[in-house]
Structure formats: C-alpha cells, structure tokens
Amino acid sequence: MNDSNLKKRKYDIIVYGATGFTGKLVAEYLLKTYGVNGSIRWAIAGRDEKKLELIRRNLKLDKNDLDIFIASSFDIDSLKSMVLKTNVILSTVGPYAIYGDFLVAACVENGTHYCDLAGEVQWIRKIIDLHQEEARKTGSKIVHCCGFDSVPMDIGVWFLQKEVYQKTGEYCQSISMVVKKLKGSASGGTIASLINIIKESRKNKNTKHILNNPYSLNPSGERKGLENPEESNIIFHQEINSWTAPFIMAGINTKVVRRSHALTGYTYGDNFSYDESIATGSGFIGWLKGKLINLFLILLISLLAFSTTRIILEKFILKKPGEGPDRESQRNGFFHLIQVGKLSNGDIFKSEVIGDRDPGYGSTAKMISECAVCLSVENLDEKGGVWTPASIMAKPLLKRLQDNAGLVFKMNNDNSS
C-alpha cells in the first residue's frame, strides 16, 4: 500500500490508549495545537467506552467533534477495524512487550503507519525481526521510541552532525550526550516496562544478550562493532568540567542512535561512537554524587530482580501505569542535554537540547504527537519498515519540535558549558 491510499482514510491519527495518563496529554496537545477536523484529523481509541467519553467531555468536545473507537490489545478484529480508519496509530499502551504485538502486526498487514513510546529493547528487536520485510512490502512505517527516549538524543545527534558538517565538511567521530539538568520523574509506564524487561531477562538468556549488545537493534547481519556495553563507571568529563554517572536510559537511547546510523548508510563513518551519561558536578562532591547515583541504580535493579522486593516496591513506592504528576509539576519540569562531538583532529563541537516540560510526561506527549503528525502529513521519502525518528523524519520533526513542542536545539561551542 502506498501513501496515496492512506490519504483516502478518514483520520490522520488515532490515539490508542487515550484514557491513560500520557494518552490524555496527547489528546490535549493535539486539540490545542491542531484543533479537531482541521489540518490534522484525529480520533481517540481504547477499550473502555465510558472512559473515552469522559476524556471527550473533559476536552469540552461532543460526539460531533471527536470520534471514539473501542479496541482491545488482544482483540485482533477490533484492532484491524481501527487501523483501517487512519493513516497513523499513535500508541501509548505499554508495556509494549505485553500489549503491542497484535497492534503492530495489524498496522503492518494493512499498511498503516505506527509510532509509540517503547523503550523495551528486546521487544523492539522482536518487531524488527518479525516485521521488517513485510512492512517494506505493505508500506507501513513503524517508529518506536518517540518520547524522551529517544527523540531528543536521536534528533540531537542528527542536528549536531549536520551543523558540524556544514562548518567543517566532516562529521564527528564520536558524540557524548550528557544530561546537564533534568527535573521530572519516570512515568508509571516506563517503570512497568523496566520491570517487565527484568522479568524477561531472568527467564530468557537471549533477552539478556540483546540487552547487553550495543548493536542489537541494528539491521540483521550488522549487529557487531567496536563499542562495548554502556558505561557503568564514574568518569570525569573534561569537556564539560564535570564528573558523570551512568544514565538509566542509555541502554535504549544508544542503541536507537546506532540503528539510525546504520539505516542511513553509516554516514558518520564505520568508527562512529556514541555514549550517554548524567553530569554530577566537579570536585569531590560531584564524584560522590556520581557514586551514589551508580549505587542507587545497582540497588534498584537488584531489588526489582527479586519477586518479594519487587512486589513491595510496586505496591508502596513505584508509580503504576496511568499515574503521573500534577499540572504544576509538569509545567515546572524540564530537561537540558549537552552533546559533545569530536572530530578526527580533536576539535570539539557542542550542541544543546532543551525541553520546557517534564521529560516523562509533558514533553513526551508533545514529542510523540509531532512524530505522528510527521508520519501522516509529511512527504517522507523512505519506504515501509521499522525506522527510528532520526532515520525517517529528522528534518521535518526537528522543525515541528522547535515550532510547536517547546524543544530547542542549538549549537554551543563554549567549552565551559
């Protein structure tokens, strides 16, 4: 199926999972930014009709303004009926390894584009292996990781490389992304996905191998390289004058960036490397913060690995899917990333990526919305397949993120950043 056939469908986007916390934010953003039945035609879907009607009322819309559709993750007929009505399915229903299989299969079979917030490496690899070839035939464009993991990093690398190439005629041989500042919390869906990843890795050795292989999301036959698994040590980063600790989202983000590089023909060179960390400050205090972050991550993963401690954490401490911060916390949240690129001669170039809302909810809802809009209305040259944000829509997505979604991408060559 080609995109000309998609244009005949009634909707540009159907938001699947609109009754969840992030799904509600997506609906609010689409309404505020694009209205209803204007330049973007969209609808909402989920399994609970009463909850969907409540969402519509809260948006101050009626049935003549916004359509709703009933679909369930395990009801194949309902999924097929839904995907045939739209150009793009925007899914916020996770963990995707549990709820995403049939929906992606329906999209691929029927030539419908799809985007989600998946950060589950083992599931994304499964989708690549199962559906890459069929998606090419049907024209379905599947794009995972369309939220804070991994849009700012993936598009950020593309932006920095583009700017550096325009100035020097060369690409950076390496890029290090450092989280300079961040205010927000992990979403309940992200936590649920992390728990499911840990469960699967304990049951299946192959899952553990996929998680540990830096190139596991690369195309088949291209899953080896020079890079090691994500860094787990405390390192002093000279270019930003700060100690850095492991960043919990590096396990997915770095693999997405490497897949983008592979899908675009290894433009930056066979030896291009990419890593991520979080800045903790200079001096002894910075080093100590880094150590504490590292110990916390080790402790958290260890506690989640055992059923007894995991149940206690889930019941009393961790957010559940559908839970999230209040409006004020969303508005007060933000993120500030620094990307440090090095040329072959040692010259340093820096870029910044800044978001104006909490990364796990407010900014994520805006990012995935713009990814879905790009998939529906932009003239993307790439054919069907399992893509990444940067490999299929970097240029139009960058513009939409900066024009509409409160993100800033800019160069900064001040070595004191």
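Here, each number is a calculation from the coordinates, and none is a lab measurement. All values derive from a computational prediction rather than experimental measurement. Quick reminder, even Gly has a Cβ in these numbers, built from the backbone with ideal geometry, and neighbours come from all protein chains shown.
Key figures for this structure:
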quantity	calculated
Count of lysine pairs in the stretch 7-78 with Cα separation under 19 Å (8 or more residues apart, or interchain)	12
Cβ-Cβ FRET estimate between ILE354 and ASP77, R0 fixed at 35 Å, reported to 0.05	0.20
Cβ-based charge dipole, the chain, positive-most Cα from THR86, ASN64, SER277	ASN64
Cα centroid of the stretch 241-302 to Cα centroid of the stretch 68-124, whole Å	30
Charge dipole of the stretch 245-313 about the Cα centre (unit charges at C-beta), most positive-ward option of ILE311, TYR268, ALA250	ILE311
Those GluC sites (Glu not before Pro) in the stretch 302-411 that DSSP places in a loop and that have at most 10 other beta carbons within 10 Å	none
Rough spin-label spacing in nm, given labels placed 7 Å along Cα→Cβ, for GLU323 and ASP48	1.6
Qualifying chymotrypsin sites (Phe, Trp or Tyr not before Pro) in the stretch 60-152, DSSP loop, other Cβ atoms within 10 Å at most 13	PHE74
Listed residues CYS371, GLN402, GLN330: farthest to the positive end of the dipole of the stretch 308-417 (Cβ charges)	GLN330
Helix runs (DSSP H) in the chain reaching 15 Å along axis by Cα, Kyte-Doolittle at least 1.6	283-305
Virtual spin-label span in nm between LYS181 and ASN58, 7 Å along Cα→Cβ	3.0
Gain on full stretching of the segment that runs from LEU84 to LEU295 - 0.36 nm per residue minus C-alpha separation	71.1 nm
FRET efficiency estimate (nearest 0.05) - Cβ-Cβ, ASN110 to ILE235, R0 41 angstrom	0.30
Dipole magnitude of the stretch 165-274 about its Cα centre (Cβ charges: Lys, Arg +1; Asp, Glu -1), debye to nearest 20	500
Those chymotrypsin sites (Phe, Trp or Tyr not before Pro) in the stretch 244-350 that DSSP places in a loop and that have at most 15 other beta carbons within 10 Å	TYR266, PHE306
Cα→Cβ-extended label distance, 7 Å offset, between VAL408 and ASP270, nm	4.1
Computed lengthening from PHE102 to LEU130, 0.36 nm per intervening residue step minus Cα-Cα distance	8.9 nm
Potential extension, LYS8-THR309 segment - 0.36 nm per residue separation minus Cα distance	103.2 nm
